[in-house]
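The values are calculated or read from the model by the stated rules, or taken from the named source; none is laboratory data. Just so you know, these numbers come straight off a predicted model, no measurement behind them. Cβ placement follows ideal geometry from the backbone for every residue including glycine, while neighbour counts extend to all protein chains displayed. Ligands, DNA and RNA are excluded from the accessible area calculation, which covers all protein heavy atoms including side chains. Shrake-Rupley method; radii C 1.70, N 1.55, O 1.52, S 1.80 Å.
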Amino acid sequence: MNDPRLRRHELGFLEVVDRPTPQALSDYYAQAYFQTAASSSFRQSYSDEELEVIELRIAQKASQARSLRGDDQPGSLLDVGCGEGFVLRFFERLGWQVQGIDYSRAGVQQVNPDYARHVEQGDVFELLEARIASEKHYDLVWLGNVLEHVLDPVSLLRSLRRLVAPGGLLVVTVPNDGSAFHEELYAQGAIPDRFWIAVPDHLSYFTADSLRQTAEATQWECLAMQGDFPIDLFLAHEGSNYVADRSQGPAAHRARLMLERLIGQAGIEVSSRFYAALVDVGFGRNLTAFLRPKP
């Protein structure tokens, strides 16, 4: 891929060339994630179908994590960048001790207010360092769509190793960006630009191979990887191409919800095999890696 905005990191992922300073990035997120629910950029509400699909996504990942841990007993969870609190709610209902950290409580206060008490608000990296310094450990650390936002994803992965308890896991989800499929769409003219490059929100871009390589280099063992529903397959058909024609976005979203719900109805085990197979062929709008610290 040849795009002047990006360069290839030595570990294989793509990163932004013109990177913001730490202060500029902090200021940006202070403005992007407002501190009150009324002015928050988070969703104000979800449909019943959306809530069902969100629950299915978490349940699928939780089932994989439980299988890899080899332990059905509740443990401790830290959700880094916990957003609207859906993961906190899911695990607490299973009896887990849950904690979340985020730049703002606005999302969880708006959508899952009963779980706001579990969330510490502030600079996420300072909050992480405080937990590392106090030698906190968690059976499960959840990092959902955070790694792509940070200036130094390599350092973040190294730091998180110090928070995972023996036998614990790190569950990392990132967008699947810059794939061979995306490049084919661009080369064929199906998309007018590399829509997935979103600066300054996303500073690093991963595929399955580069995510595995980065995990390996930061002393994690990648036990498994799953994709999620490949909504960008719709871009291959001009009648559903929501990048070339933004008005197609809502219909694509509705179709995605229906299909995810139907896949979920096949059962956790079957749907997990389906989403794992997507990774092998390079698809899935997001990728989730299940990582264990190396000894």
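Please give the length that would be gained between Asp72 and His237 if that part of the chain were fully extended, namely 0.36 nm times their separation in residues minus their C-alpha to C-alpha distance (nm, one decimal).
On the way: separation 165, 0.36 × 165 = 59.40 nm, distance 4.31 nm.
Contour length minus the Cα-Cα distance gives 55.1 nm.
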**OP:** Would you compute the Debye intensity of the range 141-295 from its alpha-carbon atoms alone, equal scatterers and no solvent, and pass along log10 I(q)/I(0) at q = 0.13 Å⁻¹ to two decimals?
**Re:** -0.66
Original post:
Looking at Gly178, Phe206, Phe234, which one has the Cα that reaches farthest to the positive end of the dipole of the chain (charges on Cβ: Lys, Arg +1; Asp, Glu -1)?
Top reply: Phe206
Original post:
With θ set to phi - 60° and the Karplus curve 6.51 cos²θ - 1.76 cosθ + 1.60, what are the ³J(HN,Hα) couplings of the range 270-287 in order, to the nearest whole Hz, using x for Gly and Pro?
Top reply: 5, 5, 5, 5, 4, 6, 5, 5, 4, 4, 5, 9, x, 10, x, 5, 10, 10
**OP:** Mind checking which of Ser67, Ala289, Ile268 is farthest towards the positive end of the chain's charge dipole, using Cβ charges of +1 (Lys, Arg) and -1 (Asp, Glu) about the Cα centre?
**Re:** Ser67
Original post:
What are the residues whose amide H is under 5 Å from the amide H of Gly100, where those residues sit 5 or more places off or on another chain and H is modelled from the backbone?
Top reply: Asp79, Val119, Glu120
Original post:
Counting alpha carbon pairs within less than 8 Å and at least 6 residues apart, what relative contact order, in whole percent, applies to the range 117-273?
Top reply: 19
Original post:
At Ala277 and Tyr29, where each label point lies 7 Å from the Cα along Cα→Cβ, what is the point-to-point distance in nanometres?
Top reply: 3.8
Original post:
Counting only residues 5 or more places away or on other chains, whose amide H sits under 5 Å from the amide H of Asn176 once H atoms are built in the peptide plane?
Top reply: Asn286, Leu287
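By how many nm would the segment from Tyr46 to Ala255 grow when fully extended, if each residue of separation counts as 0.36 nm and the alpha-carbon distance is taken off? Walk me through the numbers before you get to the answer.
Values: separation 209, 0.36 × 209 = 75.24 nm, distance 1.58 nm.
Extra length from Tyr46 to Ala255 when fully extended: 73.7 nm.
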**OP:** Quickly estimate the mean residue ellipticity at 222 nm for the chain, helices only: each DSSP H run with n ≥ 4 gives -39500 (n - 2.57), and the total goes over all residues, rounded to 500.
**Re:** -11500 deg cm²/dmol
Original post:
Considering the chain as a Gaussian network with a 10 Å cut-off on Cα pairs, which listed residue, Val171, Val111, Val270, attains the greatest mean-square fluctuation?
Top reply: Val270
Subject >> Additional length obtainable on full extension of the chain from Leu94 to Glu183, 0.36 nm per residue less Cα span >> reply: 27.9 nm
Subject >> the chain pair-distance distribution - Cα-Cα, 10 Å bins, rounded % >> reply: 6, 26, 38, 25, 5, 0
Original post:
In debye, nearest 20: dipole of the chain around its Cα centre with unit charges on the Cβ of K, R (+) and D, E (-)?
Top reply: 440
Original post:
Solvent-accessible area per residue for the range 201-253 at a 1.4 Å probe radius, Å²?
Top reply: 42
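Given a Förster radius of 51 Å and the C-beta distance between Ala133 and Ala198 as r, what FRET efficiency does 1/(1 + (r/R0)^6) yield to the nearest 0.05? Can you show the working numbers first?
Values: r = 33 Å, r/R0 = 0.64.
Working from the Cβ atoms, E equals 0.95.
With the contact rule set at Cα under 8 Å and sequence spacing of 6 or more, what percent relative contact order holds for the chain?
Contact order relative to length: 20 percent.
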Original post:
How many angstrom lie between the C-alpha centres of the range 97-173 and the range 179-205?
Top reply: 28
Original post:
What's the carbon and sulfur percent of the chain's accessible surface, probe 1.4 angstrom, rounded to a whole number?
Top reply: 50
